[in-house]
Protein chains: 2
Amino acid sequence: MATRQLVVGIDIGGTNTVFGLVDREGNILAEDRLKTSHYEDFEVFVAALYEKIMVTRNKIESDIQLLGFGIGAPMGNINKGTIEYPANLPWKGIMPLADLFKRHTDLPVIVTNDGNAAAVGEMIYGGAKGMKNFVVITLGTGLGSGFVIDGKLVYGHDGFAGELGHTAVRPEPGNRECGCGKKGCLETYVSATGLKRTMFKIMADSIIPSELRKYGFDELDAEVIHQAAKRGDVLAKRAFEHTGKMLGYMLANVVAHTNPEAIFLFGGLALAKELIFEPAKESMEGTLLHIYKNKVKLLPSQLSTHNAAVLGASSLIWSIKES
Amino acid sequence: MATRQLVVGIDIGGTNTVFGLVDREGNILAEDRLKTSHYEDFEVFVAALYEKIMVTRNKIESDIQLLGFGIGAPMGNINKGTIEYPANLPWKGIMPLADLFKRHTDLPVIVTNDGNAAAVGEMIYGGAKGMKNFVVITLGTGLGSGFVIDGKLVYGHDGFAGELGHTAVRPEPGNRECGCGKKGCLETYVSATGLKRTMFKIMADSIIPSELRKYGFDELDAEVIHQAAKRGDVLAKRAFEHTGKMLGYMLANVVAHTNPEAIFLFGGLALAKELIFEPAKESMEGTLLHIYKNKVKLLPSQLSTHNAAVLGASSLIWSIKES
């Protein structure tokens, strides 16, 4: 039997760290996870993660050649292989993730933020195959983004390009507090969490009944709001409209920066389909300068939603192998 | 005597079209201009412009080899060599500028907007020599921008990257009307014209005396406001503070998109030095996500202010010769 070439994709999140062994077509042959929040010590976390990956690898029966480790993490710095001051992880300061990984392996280790990983994933496995200029916006707990220009991921001078979640929605400091310490960041409005905050604001402002009035803040999530909106809940629909409209304004600004061929929406909120795409498209087109109107495609990510973040991370290794 | 290699840089503006014959070091050996607004017919304009360039060329006594024509123009499209729906030029619709030029010459003709031309100029002759990732913001009648990523000018899929002047300052449609037909565009606040509009707004809102209260709207310009601010005029200083602050917010968003090493300010308003740089720097740093703080240099353009736009346009030809 021929040796099978695989890469490891790792998605480090605040709650779980998920990984998979992935082939060039984007099939995940094996996968597992560990609880990020169980590890106070970052070095212990990396050792446990590497160990678990090796155990998982050994369960695959075919003959395997591993090519490298692609890692998506909040505030991942692609130039230095570090995670720097993440708001939602258990560790503080600058974590030398790639260096610690290199204690265990000589294979390539690439670290970047989830938005950049999603962008490369879309190019390698998804809807951006063959595209040279596009942007991916990830809509999860926060808002991430990745820019591909001229067929290459934009790193930035310090390795931190594409942190659109922390752009200011308003010139005046807004009043929504963000995990990053600032106020009025885009992701406090446009993300799964932002949608929930908007939903509570709308319920506070309005007297219209809503099935969501029975939920506590900690219980409610974007999926529940999505289902309510699908059933016709007026306020839930209004929350999506508001969120989509804010997203569209931001997308018009993205277009004026780099004039992409397409923008892909990735992550939980994008699964709400027309509930988010319609208001986003409408406000984007309404805000765009005439030279851009009706030219930029607004598309759902084509990465399989199951473990899309792992796919994105794994694609980082294929992209260096093929560049 | 050795043959001297020169390129032609052309800056098409609403009032004047200025051109120069430029050597590799950025010396302008000859220059002239014609009145853009005198030409109702675009084809006649191009023929007259080419003719005048040839007359100017023939006045230079050394032996010359021309290498090409670089042209900066509002809404210049670098992919197609066109000017498309410019707000401030006498012609409407899509003008096939490069194609018309090609009737007269076999040499390369490159058309782009003034922001992109300024960015390449900064890289070829100015302060961005050796930089791989930087942004130039032009502050003239309007606001333009050019992005260089990984040593290359960002064109965008449709050839229109970097039209930041028409990004929306506020999610809600603002009330300042823009020449592009939209409302609340950044350049209605941050540009020489924007400064003047802000100055009039401040004079309307305040009862503090100002030497600028004697000027009509049509008479006042950024240079007069600059001189008044230097003399200590309270309201003129306030207008600069407000403009710089808005600029800084926008620059923080630019950083979150592409994480440049430096941002250069180019054009008339940048000549006001600390009056514009100080509030811009302060609001940029105050808005930046922590990972970017105190890393991005905010610098004045190093292109000689006399005919900087012509230099920028001419640099387009050197950049293709050397890539």
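Read the figures in this text as sums done on the coordinates, not as results from a lab. These numbers come from a predicted model, not from an experiment. No Cβ is skipped: glycine too gets one built from the backbone with ideal geometry, and neighbour counts run over all protein chains shown.
Between rounded, prolate and oblate, where does segment B:240-323 land on the alpha carbon gyration tensor, with a ≥ b ≥ c its root eigenvalues, rounded for a/c under 1.5, else prolate if a/b exceeds b/c?
Oblate, since a/c reaches 1.5 and b/c is not below a/b.
Please give the peptides A:60-66, B:9-15 ranked by average Cβ packing (other Cβ atoms within 10 Å per residue), highest first, as a rough proxy for protection.
Values: A:60-66: 11.9, B:9-15: 22.0.
Top of the packing list down: B:9-15, A:60-66.
Which percent, nearest 5, of DSSP beta bridges in chain B are antiparallel? Don't jump to the answer; show the numbers that get you there.
Details: 27 of 47 bridges.
Here the antiparallel bridges make up roughly 55 percent for chain B.
How about segment A:233-323: which GluC sites (Glu not before Pro) there are in a DSSP loop, with at most 15 other Cβ atoms within 10 Å of their Cβ?
A:Glu322
Just going by the charge dipole of chain A, with Lys and Arg at +1 and Asp and Glu at -1 on Cβ, which of A:Leu29, A:Ala168, A:Met284 is farthest out on the positive end?
A:Met284
Could you work out the longest stretch of chain B that avoids the trypsin sites (Lys or Arg not before Pro) located in DSSP loops with at most 11 other Cβ atoms within 10 Å?
B:130-230
Which entries in A:Lys295/B:Lys295; A:Lys80/B:Lys182; A:Lys245/A:Lys321; A:Lys281/A:Lys321; B:Lys152/B:Lys293; A:Lys183/A:Lys245 show an alpha-carbon gap greater than 31 Å?
Details: A:Lys295/B:Lys295 35 Å; A:Lys80/B:Lys182 42 Å; A:Lys245/A:Lys321 39 Å; A:Lys281/A:Lys321 36 Å; B:Lys152/B:Lys293 25 Å; A:Lys183/A:Lys245 19 Å.
As for pairs spanning more than 31 Å Cα to Cα, those are A:Lys295/B:Lys295; A:Lys80/B:Lys182; A:Lys245/A:Lys321; A:Lys281/A:Lys321.
Would you please state which residues of segment A:294-310 a label at A:Asn27 would reach in this model, taking the label point 7 Å out along Cα→Cβ and a backbone N cut-off of under 15 Å?
Counting backbone N atoms under 15 Å from the label point, the list is empty.
Across peptide A:193-206, how many C-beta atoms of other chains are within 10 Å of each residue C-beta, on average?
Shielding by partners across A:193-206 averages 0.
Taking a cut-off of 19 Å between Cα atoms, list the lysines near B:Lys35, but don't count ones fewer than 8 places away on the same chain.
B:Lys52, B:Lys92
For chain A, what does -39500 (n - 2.57) per DSSP helix run (n ≥ 4), summed and divided by total residues, give at 222 nm, in deg cm²/dmol to the nearest 500?
-11000 deg cm²/dmol
What FRET efficiency comes out for B:Asn58 versus B:Arg103 if R0 is 25 angstrom and r is the Cβ-Cβ distance? Round to the nearest 0.05.
Taking R0 as 25 Å, the efficiency between B:Asn58 and B:Arg103 is 0.80.
Using a label point 7 Å beyond Cα on the Cα-Cβ vector, give me the inter-copy distances for A:Lys129 in nanometres, one decimal, shortest first.
Reported distances to equivalent positions: 4.7 nm.
Taking a label point 7 Å from Cα toward Cβ, how far is A:Met54 from its twins in the other copies, in nm, shortest first?
When each copy's label point is compared with this one, the spacings are 7.6 nm.
Kindly identify segment B:130-300 as rounded, prolate or oblate by the Cα gyration tensor criterion: order the square roots of the eigenvalues as a ≥ b ≥ c, call it rounded if a/c is under 1.5, otherwise compare a/b with b/c, prolate if a/b is larger, else oblate. Intermediate values should be presented prior to the final figure.
On the way: a/c = 1.99, a/b = 1.59, b/c = 1.25.
Judged from the Cα gyration tensor, segment B:130-300 comes out prolate (a/c at least 1.5, a/b above b/c).
List the residues of segment A:103-136 whose backbone N lies under 13 Å from a point placed 7 Å from the Cα of B:Asn79 along the Cα-to-Cβ direction.
Within reach of a label on B:Asn79: A:131-134.
Please average, across the residues of A:252-264, the number of beta carbons from any other chain that are within 10 Å of each residue's own beta carbon, and give a whole number. Mind showing how you got there, number by number?
Details: counts 4, 9, 3, 7, 13, 14, 11, 12, 4, 3, 1, 0, 0.
Counting other chains' Cβ atoms within 10 Å and averaging over A:252-264 gives 6.
Decide, for segment A:4-157, between rounded, prolate and oblate: order the square roots of the alpha carbon gyration tensor eigenvalues as a ≥ b ≥ c, take rounded if a/c falls under 1.5, and otherwise choose prolate if a/b is larger than b/c, else oblate.
Oblate, because a/c is 1.5 or more while a/b does not exceed b/c.
Could you derive backbone 3J(HN,Hα) for segment B:101-116 from the dihedral phi with the Karplus parameters 6.51, -1.76 and 1.60 (θ = phi - 60°), listing whole Hz in sequence and x where the residue is Gly or Pro?
Karplus-based 3J(HN,Hα) across segment B:101-116 equals 4, 5, 5, 9, 8, 9, 6, x, 10, 10, 10, 8, 7, 5, x, 5 Hz.
Sorted from fewest to most neighbouring beta carbons within 10 Å, what does the list B:His242, B:His38, A:His226 look like?
Least crowded to most crowded, the residues run B:His38, B:His242, A:His226.
Would you mind pulling out the separation of the Cα centroids of segment B:51-107 and segment A:227-277, in Å?
So the separation of the two Cα centres works out to 42 Å.
Among A:Ala229, A:Ala280, A:Ala118, which one moves the most in a GNM of chain A with springs linking Cα atoms closer than 10 Å?
Ranking A:Ala229, A:Ala280, A:Ala118 by mean-square fluctuation puts A:Ala229 first.
Considering the options B:Val7, B:Ile225, B:Ser319, tell which one lies farthest towards the positive end of the dipole of the protein assembly as shown, charges being +1 on Lys and Arg and -1 on Asp and Glu at the Cβ, about the Cα centre.
B:Ile225
Please report A:Leu67, A:Leu311 as a ranked list, fewest other C-beta atoms within 10 angstrom at the top and most at the bottom. Mind dumping the intermediate values first?
Numbers: A:Leu67 18, A:Leu311 30.
Listed from fewest to most nearby Cβ atoms, that is A:Leu67, A:Leu311.
Rank B:Glu187, B:Glu43, B:Glu84 by mean-square fluctuation in a GNM of chain B with C-alpha springs under 10 angstrom and give only the top-ranked residue.
The residue that fluctuates most here is B:Glu43.
Identify which of A:Asp114, A:Asp150, A:Asp205 has the largest mean-square fluctuation in a Gaussian network model of chain A, with springs joining Cα atoms closer than 10 Å.
Its mean-square fluctuation being the largest, the pick is A:Asp205.
On a 0 to 90 degree scale, rounded to 10, what angle separates helix B:192-205 from the longest Cα axis of chain B?
The two axes meet at around 20 degrees.
Which whole number gives the average count of other chain Cβ atoms within 10 Å of the Cβ atoms across peptide B:147-158?
Mean shielding by partner chains, rounded to a whole number: 6.
Modelled label-to-label distance, B:Gln65 and B:Asn294, 7 Å Cα→beta-carbon offset: nm?
Taking the two extended label points, one gets 5.1 nm.
Which distances, in nm and shortest first, link the B:Asp41 label point to the same label point in every other copy, taking 7 Å along Cα→Cβ?
8.4
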